[in-house]
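**Student:** Can you keep this structure in mind? I'll have questions shortly.
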Amino acid sequence: MKRIEKCLEGCGQDIALLLRAATIAALEAGGIIREMYENPHQIRLKGAIDLVTEADIASEKAILAILAQRFPGSIVLAEESSSDYENIPAGPVWIVDPLDGTTNFAHGFPYFCVSIAYSVDKVSQVGVIYCPILDELFCAWQGGGAWLNGQRINVSGRDSLIESLVATGFPYDIQDNLAQVMSQLHRVLPAVRDVRRAGAAALDLAYVACGRLDGFWEINLKPWDTAAGQLLVEEAGGTVTDFKGGSWTPYVPEVLAANGHIHSLLAELI
Ligand code: IPD
Ligand code: CA
Ligand code: CA
């Protein structure tokens, strides 16, 4: 917990309680995922290529138990057990992706994370993303900057596309969206240094926040993929919008996140 103390400096007591709870939950869930990573997996299909494993379920259970104990009666939007984001009431809600990058986890590809946000009226107030394999804890609160393992982070300063490393993702319903996904890639790929499809949207956003990536875009994401990551990118000085550069909340499925220099250049291409 020492690594969030600097991030907490200057925040009020309410935010401190929320951020501590989100951090404890993310670290606990990450520990569970890390242990399960080494063992054989129980894989169930939610769709043709959309997996859920024992780790998604165990992680979510642990997170929800910690949040319920500290904030009884809270409204929670969580991918595996309460995912009806279209009917979420106004006001405060915890938004939880217990394991972002499940396909990677199931295949032993070590790029996945836990993502937890606390949001009020669709605006993220607190965000925590934890990558258990690298033991990297990203956190942010609104107005308090973005942090990685206790160090302040910022988006990159790169201002030309040809020097930029950007990332994207492919939705599970790729069959219905292949033409759009490929035409965006077709335009962006020759204009940038390279494109990654690493397989965990929340972690991709955290990587934009700390400057490892200069930009990221994807269609058909869900609030639990983006609610914490949006706050990290914005608190790190970056810009998060829809593909037209318009205002955005985690309930908008398409997202374009980048440092402020290349954001509009990417938007033009996408
Ligand atoms: C998925 C990952 C992936 C993205 C998908 C997401 P999940 O989340 O973030 O990178 O391309 O759109 O659904 O299912 O691993 O939590
Ligand atoms: Ca996800
Ligand atoms: Ca997930």
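The values are calculated or read from the model by the stated rules, or taken from the named source; none is laboratory data. The shown structure was predicted, so the numbers you read here are calculated from the model rather than taken from an experiment. Don't worry about glycine lacking a Cβ; one is built from the backbone with ideal geometry, like all the others, and counts go over all protein chains shown. With ligands, DNA and RNA removed, areas are computed over all heavy atoms of the protein, side chains included. Shrake-Rupley method; radii C 1.70, N 1.55, O 1.52, S 1.80 Å.
**Student:** Among the residues of the stretch 8-22, what is the count of those that are open to solvent by less than 20 Å² (accessible area, probe 1.4 Å), over 16 Å from residue 120 (Cα atoms) and at pLDDT 95 or above?
**Tutor:** 1
**Student:** Looking at the stretch 92-110, which of its residues are within 16 Å of ligand 2 (Cβ to nearest atom) and part of a strand (DSSP E or B)?
**Tutor:** Listed by number, the residues that qualify are 94, 95, 96, 97, 98, 99, 100.
**Student:** Can you pull out every residue in the stretch 52-89 that is in contact with a Lys or Arg (Cβ under 7 Å, 6 or more places away or on another chain) and more than 23 Å from residue 21 (Cα to Cα)?
**Tutor:** 52
**Student:** Take the stretch 43-102 and flag every residue that is under 23 Å from residue 123 (Cβ atoms), within 16 Å of ligand 3 (Cβ to nearest atom) and open to solvent by less than 30 Å² (accessible area, probe 1.4 Å).
**Tutor:** Matches in the stretch 43-102: 63, 77, 78, 94, 95, 96, 97, 98, 100.
**Student:** What is the one condition in (1) in contact with a Leu (Cβ under 7 Å, 6 or more places away or on another chain); (2) within 20 Å of residue 56 (Cβ to Cβ) that residue 116 does not satisfy?
**Tutor:** So the condition that residue 116 fails would be (1).
**Student:** To continue, here is another question. Do you know which of the residues in the stretch 111-129 that are part of a loop (DSSP other than H, G, I, E, B) and either open to solvent by less than 10 Å² (accessible area, probe 1.4 Å) or touching a Phe, Trp or Tyr at 6+ places or on another chain (Cβ under 8 Å) (or both) is nearest to ligand 2 (Cβ to nearest atom)?
**Tutor:** The extreme case among them is 112.
The rows are residues; the columns are (1) of a type in the set (Phe, Trp, Tyr); (2) crowded, with 24+ Cβ neighbours inside 10 Å; (3) not assigned by TED's automatic domain parsing to the domain that holds residue 7.
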| position | (1), (2), (3) |
| --- | --- |
| 203 | no, yes, yes |
| 224 | yes, yes, yes |
| 243 | yes, no, yes |
| 261 | no, no, yes |
